[in-house]
Amino acid sequence: MSRTPLIVGNWKMFKTIPETTAFCLGLKEDMAGLDGKKVGAAVAPPFTALSAAAQALRGSFISVAAQDVFWAESGAYTGEVSPKMLADAGCRFGISGHSERRQYFHETDDSVNKKAAALIKEGLIPVICLGETLADRQGGSAFAVVERQTREGLKGLAVKDPERLVIAYEPVWAIGTGQTATPNQAQEVQAFIRKLLGEIFSSTMAQGVRILYGGSVKPENIGELMAMNDVDGALVGGASLDVKSFAKIVRGSISR
Ligand code: PEP
């Protein structure tokens, strides 16, 4: 089964509303000649700029993703944002379980799972992030950690269409460090995640779900990563903040 490449730009806590609008209009212009059936792209601005991004990207194949979500539909949860509010703001994707959320905001596999389930219920596509730390890798437990995060994060998710679920393998030691995993390291873990998808869901899901790689992806290394069978795109942090660099990564992903 062929899987359409997908590049998601995670802006983290960067860009105001005017900066978001300027970026998105620039990206839309740059991507105008590309066929949205051959590649998918999304930007994930801060909550405050989601609507502005959706408005600026209207009429293009580029989607908007939220960096986080809370699982309740509504209620007394000061500071939180529901899946319905994200849909209302124009989002198609929602990221769940980014390592910075796990590290600084104490997210667990259970909360990652609840957020993914809530996104699916609202018709949004979860991008579930997982990956081992340097200590896990050096201690020989990288695969055990990835297996636990995959099984717990995906537990009971009501999804049958592989296009409605995205996994991002992001080794924590590669995020924001400039130390990209080698293509073989990414492939080895991503093939393992795909095998787990077959056990958790079905072979159709395993073959169709897109598994992104994340961790210091740049225009210079997207080609070699995409050459791997089980790398279906990228979750990009730092290099997604510049329109030209992000656009180059999107173009560089259309290699298979
Ligand atoms: C990320 O934020 O998910 C990420 C992969 O960051 P960077 O590309 O900067 O390593």
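Once you've got the GNM for the chain with C-alpha springs shorter than 10 Å, pick whichever of 116, 158, 41 has the biggest mean-square fluctuation.
Maximum among the listed residues: 158.
Sum -39500 (n - 2.57) across every DSSP H segment of at least 4 residues in the chain, then divide by the residue count to get the 222 nm mean residue ellipticity, nearest 500.
Calculated from helices alone, the mean residue ellipticity at 222 nm is -11500 deg cm²/dmol.
Plugging the Kirkwood radius over Cα pairs into Stokes-Einstein for the chain, at a temperature of 37 °C and a viscosity of 0.692 mPa s, what D comes out in µm²/s?
This corresponds to a translational diffusion coefficient of 183 µm²/s.
Out of every Cα pair in segment 110-256, what percent are spaced more than 29 Å from each other?
Considering segment 110-256, 14 percent of its Cα-Cα pairs are separated by more than 29 Å.
What ranking do 224, 199 get, fewest neighbouring Cβ atoms within 10 angstrom at the top?
199, 224
Kirkwood hydrodynamic radius of segment 1-121 from all distinct Cα pairs, in Å?
Radius from the Kirkwood sum: 15.1 Å.
Whole-Å semi-axes of segment 59-194's equivalent ellipsoid, largest first, each the root of 5 times a Cα gyration tensor eigenvalue?
Calculated on Cα positions only, the semi-axes equal 26, 16, 15 Å.
For 51, 2, what's the fewest-to-most ordering of other Cβ within 10 Å of each Cβ?
The fewest-first ordering by Cβ neighbours comes to 2, 51.
Going by how many other beta carbons lie within 10 Å of each one, how would you line up 213, 169, 77, fewest first?
In increasing order of surrounding Cβ atoms, one gets 77, 169, 213.
Provide the gained length on full extension for the span residue 84 to residue 141, in nm with one decimal, where the gain is 0.36 nm per separating residue minus the Cα-Cα distance.
So the extension gain works out to 16.8 nm.
In a shell of Cβ-Cβ distance under 10 Å around residue 151, excluding residue 151 itself, what net charge do Lys and Arg (+1) and Asp and Glu (-1) give?
Neighbour charge sum, excluding residue 151 itself: -2.
Just so you know, all these numbers are worked out from the coordinates, no wet-lab data involved. Small disclaimer: the values here were computed from a predicted structure and weren't measured. Cβ: placed from backbone, ideal geometry, glycine included. Neighbour counts: every protein chain shown.
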